[in-house]
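Enquirer: I have a structure I would like to understand better, so I am pasting it below and will then ask my questions one at a time.
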Amino acid sequence: MNCPLCTRVSHTLENQYPYLIFEFENSYLYLGEHQFYRGYSVLVTKEHFREMTDLPEVKREALFKEMMKAHLALEKVFRPKKMNMCSLGNVVDHVHWHFFPRYANDPDFKNPPWLQMHLFDSAKVSPQERDELIKIIKAQLLSL
Ligand SMILES: [Zn+2]
């Protein structure tokens, strides 16, 4: 298995990936390993699909609802000025959606979050903060 997100999914199934926030029917929501943008999270499909158009229509529509739930929960918890959702897949071609909450005090607000990518590793989340954020986001998802 050469896909890092398929590997992550199998680690999740073995309870070996501690960034899991929530399990949906078709996807997992993970907290980002860095929190350069506070609340940064990633939604990953359980199965390996290369493109959104590769999902059977029923699953695609269900995934969209899962994306919206994730979005809403992150919005309620972090109150960003704007949510950036990105799905690229040029590096890892397994359907996944990045959620980058963007804030009013962001000095580079009008630009894509990737322009700050070189700084992401400087904002690695501590295990304690990770567990606290996961708890808050999960509680919000359960209350939707
Ligand atoms: Zn994969």
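Enquirer: Identify all residues within segment 76-86 that are closer than 24 Å to LYS46 by Cβ and open to solvent by 50 Å² or more (accessible area, probe 1.4 Å); write none if there are none.
Expert: Scanning segment 76-86 gives a single hit, MET85.
Enquirer: Another one. Give the residues of segment 104-126 that are open to solvent by less than 80 Å² (accessible area, probe 1.4 Å) and not small (Gly, Ala, Ser), sorted by residue number.
Expert: If the condition is that a residue be open to solvent by less than 80 Å² (accessible area, probe 1.4 Å) and not small (Gly, Ala, Ser), then ASP106, ASP108, PHE109, ASN111, PRO112, PRO113, TRP114, GLN116, LEU119, PHE120, VAL125 are the ones that fit.
Enquirer: Considering only segment 79-110, state which residues are over 19 Å from TYR28 (Cβ atoms) and among the aromatic types (Phe, Trp, Tyr).
Expert: TYR103, PHE109
Enquirer: Take residues that are within 16 Å of the ligand (Cβ to nearest atom) and of a type in the set (A, V, I, L, M) and tell me which of the strands (runs of 3 or more DSSP E) falling wholly in segment 1-105 contain 3 or more.
Expert: 41-45
Enquirer: Of the conditions (1) under 16 Å from MET68 (Cβ atoms); (2) open to solvent by 30 Å² or more (accessible area, probe 1.4 Å); (3) among the small types (Gly, Ala, Ser), SER10 satisfies every one except a single condition; which number is it?
Expert: With respect to (1) under 16 Å from MET68 (Cβ atoms); (2) open to solvent by 30 Å² or more (accessible area, probe 1.4 Å); (3) among the small types (Gly, Ala, Ser), SER10 is out only on (1).
Enquirer: Among (1) without any contact (Cβ under 8 Å) to a residue 24 or more places away in the chain; (2) in a loop (DSSP other than H, G, I, E, B), where does LEU144 come up short?
Expert: Going through the list (1) without any contact (Cβ under 8 Å) to a residue 24 or more places away in the chain; (2) in a loop (DSSP other than H, G, I, E, B), LEU144 breaks only (1).
Enquirer: Looking at segment 120-132, which of its residues are without any contact (Cβ under 8 Å) to a residue 40 or more places away in the chain and not in a helix (DSSP H, G or I)?
Expert: Within segment 120-132, SER126 is the sole residue that qualifies.
Enquirer: Go through LYS135, LYS110 for me and flag whichever is out of contact with any His (no Cβ under 7 Å at 6 or more places or on another chain) and assigned to a loop (DSSP other than H, G, I, E, B).
Expert: Being out of contact with any His (no Cβ under 7 Å at 6 or more places or on another chain) and assigned to a loop (DSSP other than H, G, I, E, B) holds for just one of LYS135, LYS110, which is LYS110.
The values are calculated or read from the model by the stated rules, or taken from the named source; none is laboratory data. These numbers come from a predicted model, not from an experiment. Heads up, the Cβs are rebuilt from the backbone with ideal geometry, glycines too, and the neighbour counts pull from every protein chain shown. For the accessible areas, the whole protein counts, side chains as well, though only heavy atoms, and no ligand, DNA or RNA atoms are used. Shrake-Rupley method; radii C 1.70, N 1.55, O 1.52, S 1.80 Å.
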